[in-house]
Structure formats: structure tokens, C-alpha cells
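Novice: Below you'll find the structure I mean.
Bear in mind that the values in this text are calculations on the coordinates, not laboratory data. Note that this is a predicted model, so its numbers are computed, not measured. For neighbour counting, all protein chains shown are included, and Cβ atoms are generated from backbone atoms with ideal geometry for every residue, glycine included.
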Amino acid sequence: MAIITLTTDMGLRDHYVAAVKGAILTQHPEANIVDISHGIRPFSNAQAAFVLRNAYPEFPRGTIHIIGVNPEADPRTPHMVVRHDGHYFIGADNGIFSLLFDGKPHEAFELTMKLDADHAVFTTKSVFVKVATHLARGGTPDVIGRRVAGIREQIGFQPAVDSNSIRAKVVYVDSYGNLVTNVRRQLFDHVGAGRNFRLSFGRRQDDITRLHTTYDDVPQGERVAFFGSNGLLEVAVNKGAVGVGGGASGLLGISEEDPIRIDFGELSR
């Protein structure tokens with residue numbers, strides 16, 4: 001049974017997500033549809049890529065991922081099927097594919113299939129569903145597209161470093177208000193080289209000077225920094241969430257795209 005996932009900015013208030021699912025089941029009743037997220041910030045390639053990048057590796061090879069964020073095509077932005085790590089990704093070549101993977105995808109195909117006259121009205125349903133169900137039935141991307149050499153690049157912000165500091169940013173705020181940064185464990189260890197550090201993102205009294213391994217390493221309501229399962233540095237408040245004392249984003253006044261800084265000093269003992 002083919003798995004088709006959905007990542008969109010459509011929300012759940014309107015009929016759009018249900019219409020997409022209905023179209024999938026009409027064209028391929030055996031499909032197993034999985035929602036990754038419909039709460040992506042409208043038109044945010046970066047947020048969609050972050051969420052899907054952290055979810056898709058947990059799915060079996062052969063899974064088909066529909067990206068319903070910025071799905072419109074134009075003469076410079078074709079619709080694509082991309083194959084990477086045994087997974088298929090369907091979306092517009094607007095830079096989002098370059099944010100999903102480290103390096104180039106294994107294969108990319110520009111769609112050449114015949115489309116309905118009203119295909120531009122609701123692209124995710126009228127185009128991407130047709131592609132996904134073709135693949136789910138065992139079809140191959142070369143039947144509905146032509147192989148291309150590359151994809152459009154969208155350069156994600158990379159931390160700036162020198163011998164004593166890392167200047168980075170918050171790339172994602174989850175529903176608990178946890179702050180996910182773009183600092184990877186390897187970079188932190190390389191620049192820090194075992195030295196003490198100070199993580200700053202606003203008021204000095206909120207600075208963090210110690211890493212932990214999980215939320216519960218500190219008392220409830222306390223700030224905590226650790227590397228999450230995706231290898232990125234997180235800042236959180238233990239048991240902090242809206243309605244339960246507030247999460248790190250609200251308590252510290254930090255949002256996505258806000259800067260953070262890590263300064264390294266003397267060797268730790």
C-alpha cells in the first residue's frame with residue numbers, strides 16, 4: 001500500500017485539505033494518506049522544508065511526499081518530481097528542494113504530463129495529486145516528466161563563525177514554544193573545542209552557559225539548552241507551553257529568524 005504524505009500551509013479550518021485527500025482516494029483508493037503538517041506559515045519554504053526534512057527519514061522508502069506550499073508554476077518555476085534516498089517529493093522548483101537535502105537530490109524530473117484546463121486553480125489537488133497517484137500505482141517519473149540536471153537553489157542562512165564565536169539564528173519555533181537554531185553539534189564542538197560558552201539571545205540574565213541532554217535535566221520552568229534528535233541546538237523551558245507557564249519563545253521574546261550568539265571562553269574543567 002503506497003504512502004502519500006501531505007505538507008501544506010492550508011490549515012484545517014477550510015475544505016482544502018479534505019479536497020486533496022478526496023482527490024487522492026478517488027484516483028487511488030488504496031492510498032495510505034499521512035498528514036505531516038498543515039500548519040506551515042503561509043508561503044514559507046524554509047518552514048516547510050524544516051518540517052518535512054525532519055519527518056521524511058522516518059517513513060519507509062518509496063513514500064511519496066506532496067509539498068503544498070508555494071505550489072504555483074511559471075515559466076521559470078516548473079513543477080517537479082524529485083527522488084532522493086528512495087523517497088519521491090512533488091512540488092514547485094522554487095528553491096524548496098534545495099532546502100530539503102544536504103547536497104543535490106539523486107534525480108529530478110520536470111513535469112511534462114498533460115494537465116486539465118483548470119490545473120492552475122488548485123495546483124496541489126489538480127497537479128500534485130495526479131503525479132502522486134501515478135507513482136503510487138507503480139508508475140515512473142520518466143513517463144510524466146523529463147530528467148533535468150539540477151534544481152533551483154535557495155541558499156539557507158548558515159551560521160557565521162570565527163575562532164571564538166558562532167552567530168546563528170532561530171530557524172523554527174514548535175508548538176511548545178521551543179526554539180530550534182541552525183547550530184549543529186559538529187559546528188559547536190569544532191568551534192568550542194571543549195571551552196566554556198555563553199549562549200545569548202537578548203537580556204543577559206537569560207543567557208545560558210551549560211548544555212543538558214533533555215528538558216527534565218532542569219527544574220520545571222527553567223531554561224535549558226541541548227542538542228535535539230535532529231542534531232540542532234534547541235533552547236526550551238522545561239514544561240513550558242502556552243497555558244502552562246509559557247514556552248521559551250514567549251517567555252524570552254524570541255521568534256523565528258531572530259539572531260542568537262554563542263561566545264566561547266576559557267577551557268572548561
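Novice: Antiparallel DSSP bridges in the chain: what percent, to the nearest 5?
Specialist: So the antiparallel bridges amount to about 75 percent of the total.
Novice: Obtain the nm distance between the two label points defined at Gln205 and Asp74 by a simple spin-label model: each point lies 7 Å from its Cα along the Cα-to-C-beta direction.
Specialist: 4.9
Novice: Of the lysine pairs in the chain, how many meet both conditions: Cα atoms under 17 Å apart, and a spacing of 8 or more in sequence or different chains?
Specialist: 4
Novice: Something else now. So what is the diffusion coefficient of region 3-147 in µm² per second by Stokes-Einstein at 4 °C and 1.567 mPa s, using a Kirkwood Rh over Cα pairs?
Specialist: 87
Novice: Still on this structure, please answer the following. Scattering from the C-alpha atoms of region 1-82 alone, worked out with Debye: what is log10 I(q)/I(0) at q = 0.15 1/Å?
Specialist: Values returned for q = 0.15 Å⁻¹ are -0.57.
Novice: Among Leu251, Val191, Phe128, flag the residue with its Cα farthest along the positive direction of the charge dipole of the chain, charges on Cβ as +1 for Lys/Arg and -1 for Asp/Glu.
Specialist: It is Val191, whose Cα lies furthest towards the positive end.
Novice: Taking the Cα centre of the chain as origin, sum charge times position over the Cβ atoms of Lys and Arg (+1) and Asp and Glu (-1), and report the length of that vector in debye to the nearest 20.
Specialist: Value, rounded to 20: 220 debye.
Novice: Same structure again: Can you give me the distance in nm between label points at Gln154 and Leu25, each placed 7 Å from the Cα along the Cα-to-Cβ direction?
Specialist: Label-label distance for Gln154 and Leu25, simple model: 3.1 nm.
Novice: A further question follows. Place a +1 charge on the Cβ of each Lys and Arg in region 160-267 and a -1 charge on the Cβ of each Asp and Glu, then give the dipole magnitude about the Cα centre in debye, rounded to the nearest 20.
Specialist: Result for region 160-267 is approximately 160 debye, rounded to the nearest 20.
Novice: Now a separate question. Which residues' amide hydrogens lie under 5 Å from the amide hydrogen of Ala2, considering only partners 5 or more residues apart or on another chain, with H built in the peptide plane?
Specialist: Correct list: Asn32.
Novice: With point charges of +1 on the Cβ of Lys and Arg and -1 on the Cβ of Asp and Glu, referenced to the Cα centre of the chain, which listed residue (Val171, Phe227, Ser37) lies farthest in the positive direction of the dipole?
Specialist: Phe227
Novice: Distance in nm between label sites at Asp142 and Asn32, each 7 Å beyond Cα in the beta-carbon direction?
Specialist: Taking the two extended label points, one gets 2.8 nm.
Novice: Going by C-beta contacts inside 10 Å, put Glu110, Glu257 in order with the fewest on the left.
Specialist: Least crowded to most crowded, the residues run Glu257, Glu110.
Novice: What is the ratio of the Cα radius of gyration of the chain to 2.2 N^0.38 Å, with N the residue count, to two decimals?
Specialist: In units of the globular-protein estimate, the chain measures up at 1.13.
Novice: Can I ask one more? Ratio of region 160-267's C-alpha Rg to 2.2 N^0.38 Å, to two decimals?
Specialist: Numbers: Rg = 13.0 Å, N = 108, 2.2 N^0.38 = 13.0 Å.
In units of the globular-protein estimate, region 160-267 measures up at 1.00.
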